[in-house]
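See below for the structure under consideration.
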Amino acid sequence: MYDKTVLIIGATSSIAKAIAVQLAQQGKALHLAGRDAEEVERTAQDLAIRYQAPVSWSQFEATAYHTHVDFFEKAIAQMGQLEGVIVSLGELGDQVQAQADFSQAQRIIESNYTGVVSILTPVANYLEQQRQGYIIGISSVAGDRGRQSNYIYGSAKGALSLFLQGLRSRLAKVGVQVLTVKPGFVDTKMTFGKSGMFLVAQPEQVAKAILRARDRRKNIVYVPWFWFWIMVIIRSIPEPLFKKLKL
Ligand SMILES: NC(=O)c1ccc[n+]([C@@H]2O[C@H](COP(=O)([O-])OP(=O)(O)OC[C@H]3O[C@@H](n4cnc5c(N)ncnc54)[C@H](OP(=O)(O)O)[C@@H]3O)[C@@H](O)[C@H]2O)c1
């Protein structure tokens, strides 16, 4: 039953935790990785006790690029055969502060984009050799159009969506699925206390939609589904008009 393991990177994220619960309920073996080692261990132990699932764990910092190859090799050694990898990482940051101070912008770019590219480099090479499996990358609807209120986070997510799109074409040749997830607003640590949110989804609902899209071998999924249509409208607004909106 536990012949293959799912690696979840960013395992302390609310969305990742909801995915981990649903996979553990299905009897999947998991390897959880995240930067807060204590919280990752607590989450792993909780899943192991509640669902009798084999769950291993390790520490992962997205911006510690030089550690990523070693991290992945050690994780593989603990996991045995790899079923697939889910990357649920990022910081929303503060747009106003990031406009004033590049170091804030850098944190946003590195946690949402550069760090993900770095870890997906050994992951993609491994799955390409294995000739099966999947990569699920959590991007955002914010990456579909640059908006004045969050274009630094949005640009990192937009870059991630393009990276995953290219990777998908590369890995399709060997039967490896790459799923780009574009959530709208989700009720998580990231959005806690933020104003201006609407149609807010719960992490459990988002997790279910992500796993369904994986099973259907989709390429891109908007979660909840209606964000696809919202973004069709947002993308279609002509630039001269878009500049005048306070989005
Ligand atoms: N919530 C939303 O409305 C929304 C909408 C669209 C897309 N998303 C995306 O969904 C994904 C999951 O986010 P979430 O909503 O579940 O929020 P979350 O609970 O705040 O999760 C963010 C995760 O990223 C981790 N992280 C941030 N910087 C890191 C770094 N430098 N190294 C390692 N880990 C780092 C956090 O670790 P710590 O626990 O240690 O802080 C946390 O596990 C993210 O990619 C986010 O951009 C969320």
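Couple of notes before you dig in:
- Scan region 179-206 for residues that are over 14 Å from S139 (Cα atoms) and in a helix (DSSP H, G or I) and the total you get is 5.
- Subset of region 140-173 (residues that are among the small types (G, A, S), outside any helix (DSSP H, G or I) and within 20 Å of I210 (Cβ to Cβ)): S140
- Residue in region 116-126 that is hydroxyl-bearing (S, T, Y) and either in contact with a Gly (Cβ under 8 Å, 6 or more places away or on another chain) or free of Cβ contacts under 8 Å to residues at least 24 places away in the same chain (or both) present: no
- Sole residue being in contact with a strand residue (DSSP E or B) (Cβ under 7 Å, 6 or more places away or on another chain), at positive phi and either within 11 Å of the ligand (Cβ to nearest atom) or free of Cβ contacts under 8 Å to residues at least 60 places away in the same chain (or both), chosen from R217, R168: R217
Residues checked against (1) among the acidic types (D, E); (2) touching a Gly at 6+ places or on another chain (Cβ under 6 Å); (3) under 22 Å from I19 (Cβ atoms):
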{"residue": "G80", "(1), (2), (3)": "no, no, yes"}
{"residue": "I86", "(1), (2), (3)": "no, no, yes"}
{"residue": "Q106", "(1), (2), (3)": "no, no, no"}
{"residue": "I109", "(1), (2), (3)": "no, no, no"}
{"residue": "N112", "(1), (2), (3)": "no, yes, yes"}
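- Comparison of S195, S161 shows that the only residue that is within 28 Å of L241 (Cα to Cα), within 15 Å of the ligand (Cβ to nearest atom), touching a helix residue (DSSP H, G or I) at 6+ places or on another chain (Cβ under 8 Å) and among the hydroxyl-bearing types (S, T, Y) is S161.
- When the helices (runs of 4 or more DSSP H) confined to region 1-106 are screened for residues that are within 30 Å of R147 (Cβ to Cβ) and touching a residue at least 24 places away in the same chain (Cβ under 8 Å), those reaching at least 2 such residues are found at 14-25, 95-100.
- Scanning region 68-98 for residues that are in contact with a strand residue (DSSP E or B) (Cβ under 9 Å, 6 or more places away or on another chain) and among the polar types (S, T, N, Q) returns Q78, Q81, S88.
- Checked against the criterion of being within 11 Å of the ligand (Cβ to nearest atom) and either in contact (Cβ under 8 Å) with a residue 40 or more places away in the chain or over 30 Å from D101 (Cα atoms) (or both), the candidates G184, G175 yield just one match: G184.
- Conditions (1) among the small types (G, A, S); (2) more than 24 Å from S169 (Cα to Cα); (3) out of contact with any Ser or Thr (no Cβ under 7 Å at 6 or more places or on another chain); (4) buried (at least 18 other Cβ atoms within 10 Å of the Cβ); number of the one not met by G84: (2)
- Any hit, region 109-121, residues being closer than 20 Å to V181 by Cα and more than 14 Å from the ligand (Cβ to nearest atom): yes
- Taken over region 31-82, the criterion of being in contact with a helix residue (DSSP H, G or I) (Cβ under 6 Å, 6 or more places away or on another chain), among the small types (G, A, S) and at pLDDT 95 or above is satisfied by G34, S56, S58, A62.
- Residue satisfying all of: in region 88-104; more than 12 Å from the chain's Cα centre (by Cα) and near the ligand (Cβ under 10 Å from one of its atoms); nearest to K17 (Cα to Cα) among these: L92
- Criterion applied to V174, V232, V186 was being closer than 25 Å to S13 by Cα and surrounded by 11 or more Cβ atoms within 10 Å (Cβ to Cβ), and the one residue passing it is V186.
The values are calculated or read from the model by the stated rules, or taken from the named source; none is laboratory data. Being a predicted model, the structure only gives us computed values, none of them experimental. Note: ideal-geometry Cβ built from the backbone for every residue, glycine included; neighbour counts use all protein chains shown.
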